[in-house]
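First up is the structure itself, then whatever we jot down about it.
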Amino acid sequence: MTSESLETRRHRREQLRDFLRACRARLTPADVGMVGAGRRRTPGLRREEVAVLAGVGVSWYTWLEQGRDINVSSEVLDAIGRALRLTGPERAHLYLLAGLNPPPAGEAPAGEVTPELRRLVDAWSPRPAILRDSRWNLLAINAATRAVFGYDDVDHNCLVSFFTNARYRGMHVQWDAVAPAVVAAFRADAGARPEIRSSRGWWPTSAR
């Protein structure tokens, strides 16, 4: 985007804050396949729930929603857009509010699976096949994966499912011993990506 004044930038960040809060407030945990726990002071998803769905750190997402001056990539914006169930025009609006040029109309979001990739995953049957992104979000799975690992329509992230999918947990006789290694593998994959590396706030307590 072209250069902007400090006042324009401040106003844009305020609009980003209001937009993300409004999008978060219109969703419930049930809408995104999560189980709501405890009484909620405000309607909609919590910030940490959006962060988990998008595969980013809670602190980092909080900073983004607060309109802080942080770096954000198109890949991350697309992950947040998917987590918040944004429409095409809403996704473009998110890009503009984040200070990035939106992708051309009709361009697939980062991480979207092409028909060719989906056919390749399906062709692996009867062997399980999983296509995931750098945040371990499930992009595509085949029927064998559903049968073997017990994944269903509410499973969107490998790490989250490892801790919340009862059937998947039951496959590991020594689950408590395996869990720290799984979290360590996720952290290793996060590498130098700051928006993922800051996700310490949502590690499941049983893995700490």
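The values are calculated or read from the model by the stated rules, or taken from the named source; none is laboratory data. Here the structure is a predicted model, which is why all the values come from computation and not from measurement. Don't worry about glycine lacking a Cβ; one is built from the backbone with ideal geometry, like all the others, and counts go over all protein chains shown.
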> Within region 65-84, restricting attention to residues that are under 11 Å from the mean Cα position of the chain (by Cα) and either outside the structural domain of Ala30 (by TED's automatic domain parsing) or among the charged types (D, E, K, R) (or both), which residue is surrounded by the most Cβ atoms within 10 Å (Cβ to Cβ)?
Replying inline: Asp78
> Any idea how many residues of region 80-105 are more than 21 Å from Thr62 (Cβ to Cβ) and of a type in the set (Ser, Thr, Tyr)?
Replying inline: 1
> Looking at Thr164, is it crowded, with 18+ Cβ neighbours inside 10 Å and either of a type in the set (Ser, Thr, Tyr) or free of Cβ contacts under 8 Å to residues at least 12 places away in the same chain (or both)?
Replying inline: no
> Which residues, taken from region 60-79, are part of a loop (DSSP other than H, G, I, E, B) and on the phi < 0 side of the Ramachandran plot?
Replying inline: Gln66, Arg68, Asp69, Ile70, Asn71, Val72, Ser73
> Among the candidates Thr42, Thr62, Thr28, which residue alone is at pLDDT below 80, among the polar types (S, T, N, Q) and surrounded by fewer than 20 Cβ atoms within 10 Å (Cβ to Cβ)?
Replying inline: Thr42
> For region 7-17, does any single residue satisfy the condition of being part of a loop (DSSP other than H, G, I, E, B) and surrounded by fewer than 12 Cβ atoms within 10 Å (Cβ to Cβ)?
Replying inline: no
> When you go through (1) at pLDDT 80 or above; (2) acidic (Asp, Glu); (3) surrounded by 14 or more Cβ atoms within 10 Å (Cβ to Cβ) one by one for Glu116, which number turns out not to apply?
Replying inline: (3)
